[in-house]
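Heads up, the thing below is written out as structure tokens.
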Amino acid sequence: MRTLVLGLGNPLLRDDSVGLRVAQALRPSLEGIPGLDVDEDYHGGLRLMERLVGYDRAIIIDAIRSGAPLGTCHLLNPLDMPTRHSASSHDMDLATALELGRRSGAYLPRTEDVFLVAVEVDDVETFGESLTPEVEAAIPTASWTVQMLLDGAPRPSAAPPDA
């Protein structure tokens, strides 16, 4: 089974970089595992769908602003991905992009095999390379959630042991 762990974000917009930071934190412990790729990207919609071609499973890490407390980690599927990178007025949401890709003959993960680990953020509009403290503190929880998904837990529900 080919799996992609993909951190999304903009490295220059403070909290928007959290997905990239989680992928960077995970890379050393996941490097060299056969069939597993850890990468970073900056796109959503159709370009994100193209990035998933050839994989059986995808775990996408991104920022979210849903009104929950800062640093909260959410586990979502493509049908409920409201992040900036999954939809825009010039593109389409990930669920629609995946369906279009499948209809076009692309080999893509099934919808139930695509997960979004979303970290609740605050500042995604200020230029800067630092995360807000609550978002920075959420990196271990987001990393743990990704690891639990990789270990086969369909929907991790418990917090990490040291949380």
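The values are calculated or read from the model by the stated rules, or taken from the named source; none is laboratory data. Here the structure is a predicted model, which means the values were calculated and not measured. Cβ: placed from backbone, ideal geometry, glycine included. Neighbour counts: every protein chain shown.
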Output for Cβ contacts, cut-off 6 Å, separation at least six or different chains, first residue within 14 Å of Asp41 (Cα to Cα) in segment 51-76, second crowded, with 19+ Cβ neighbours inside 10 Å and among the polar types (S, T, N, Q), reads Asp62/Thr83
Of the residues in segment 108-151, those that are over 22 Å from Asn77 (Cβ atoms), among the hydrophobic types (A, V, I, L, M, F, W, C) and out of contact with any helix residue (DSSP H, G or I) (no Cβ under 8 Å at 6 or more places or on another chain) come to Ala137
Of Thr126, Thr141, the only residue that is on the phi < 0 side of the Ramachandran plot, polar (S, T, N, Q) and modelled with pLDDT of 90 or more is Thr141
So, first residue without any contact (Cβ under 8 Å) to a residue 60 or more places away in the chain and closer than 13 Å to Met49 by Cβ in segment 101-130, second residue of a type in the set (Lys, Arg) and not in a loop (DSSP other than H, G, I, E, B), Cβ within less than 8 Å, six or more apart or across chains; the pairs are Leu108/Arg102; Pro109/Arg57
In the set Leu8, Leu4, Leu26, Leu12, the lone residue that is among the aliphatic types (A, V, I, L, M), touching a helix residue (DSSP H, G or I) at 6+ places or on another chain (Cβ under 9 Å) and over 14 Å from Ile139 (Cα atoms) is Leu4
Ala87 passes all but one of the listed conditions (1) over 25 Å from Glu129 (Cα atoms); (2) modelled with pLDDT under 95; the exception is number (1)
